[in-house]
Amino acid sequence: MSTTAQSKQPDPADRTIETRVEALDWASVSTHLDANGWAMIDALLTDGECHEIADLYVNDGIFRSRVVMARHGFGRGEYKYFAYPLPDIVAHLRHAFYPQLAPIANRWNASMGINVRYPDAHADFIKRCHQAGQERPTPLLLQYGTEDYNCLHQDLYGEHVFPLQVAILLSEPGEDFTGGEFVLTEQRPRMQSRVEVVPLSRGDAVIFAVHNRPVQGTRGTYRVNMRHGVSRLRSGNRHTLGIIFHDSK
């Protein structure tokens, strides 16, 4: 099957974020997530929206913190976590994706024997996070330059973790940068890791597993451990928007 989920309507510039996300072929997204732990969405954002979001990076007033990856052994490059209130487009993306992904997350947890279930509305899930002391927003903007990279990792920030997240590439490969591929690894029990490179263009999104995903084996369902990262940039600059649905302590 195709690795991408096409919108049912053309020209995203004429539609709201919520309309674009709702119009996606969610049956195909769900099928690809089940089979691979990730699914790509073509042209979710316009070039103008990508530039608008990337340009926010210099506005320190809208962020709660900045992380220089080399200081923590995370790789090279840097990122900033948005503060509340989130910029409108970031908030719209978070609120639009969550209700589409919550049924998939609940089905995954049920198949893996995990008792946690996620409410229909993102606001109710965030309330759960905040009651547990996870009150800091996690959507982030990442910036890479030549020779920068992001080590394989999982975005876990506390007890409450939503099992899917979204990354949107804001720069154009081959034009703004070279190298810098989005990479996923999958570790199955008693097997070597499998690597996937997701071929994103500017405005494309990828939905992927934060930590574990279910896989059907000959003896039932088992958990596969997922990690993600970014390969080394050979040249240029790369910006990415990360939409994480749980908040952090």
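The table that follows gives values for the structure above.
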quantity: Dipole moment magnitude, nearest 20 debye, the range 175-249 about Cα centre, only Lys, Arg, Asp, Glu C-beta charged; calculated: 480 debye
quantity: Distance from the range 51-82 to the range 172-249 (C-alpha centre basis), Å; calculated: 19 Å
quantity: Asp88 accessible area, assembled protein chains, probe 1.4 Å, Å²; calculated: 120 Å²
quantity: Theoretical FRET efficiency, 1/(1+(r/R0)^6), r = Cβ-Cβ of Asp47 and Val67, R0 25 Å, to 0.05; calculated: 0.40
quantity: Share antiparallel - DSSP beta bridges, the chain, percent rounded to 5; calculated: 95 percent
quantity: Two-decimal Rg/Rh across the range 116-249, once Rg and the Kirkwood Rh are taken from alpha-carbon atoms; calculated: 1.01
quantity: Over the chain: helical MRE at 222 nm, DSSP H runs n ≥ 4 each giving -39500 (n - 2.57), nearest 500; calculated: -7500 deg cm²/dmol
quantity: The range 104-157, Rg to Rh (Cα coordinates; Rh as Kirkwood inverse mean 1/r); calculated: 1.09
quantity: Heavy-atom accessible area order for Arg232, Arg66, largest first, 1.4 Å probe; calculated: Arg66, Arg232
quantity: The range 64-114 - percent of accessible surface contributed by carbon and sulfur, probe 1.4 Å; calculated: 55 percent
quantity: DSSP bridge pairs, the range 172-223: antiparallel proportion in percent, nearest 5; calculated: 90 percent
quantity: Listed residues Trp38, Ala167, Leu93: farthest to the positive end of the dipole of the chain (Cβ charges); calculated: Trp38
quantity: Of every Cα-Cα pair in the chain, the percent that sits beyond 24 Å; calculated: 45 percent
quantity: Point-charge dipole on Cβ atoms (K/R +1, D/E -1) for the chain, about Cα centre, debye to 20; calculated: 1300 debye
quantity: Accessible-area value, Glu172, 1.4 Å probe, nucleic acids and ligands omitted, Å²; calculated: 40 Å²
quantity: Glu175/Gln216 FRET efficiency (R0 35 Å; Cβ-Cβ; nearest 0.05); calculated: 0.30
quantity: Förster radius 30 Å - calculated FRET efficiency between Gln187 and Arg234 (Cβ-Cβ, nearest 0.05); calculated: 0.65
quantity: More than 15 Å apart - percent of Cα-Cα pairs taken over the range 31-115; calculated: 73 percent
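The values are calculated or read from the model by the stated rules, or taken from the named source; none is laboratory data. What you are looking at is a predicted structure, and each value in this text was computed from that prediction instead of being measured. Every residue, glycine as well, gets a Cβ built from its backbone with ideal geometry; the counts of neighbours run over all protein chains shown. Keep in mind that these areas ignore ligands, DNA and RNA; they rest on the heavy atoms of the full protein, side chains included. Shrake-Rupley method; radii C 1.70, N 1.55, O 1.52, S 1.80 Å.
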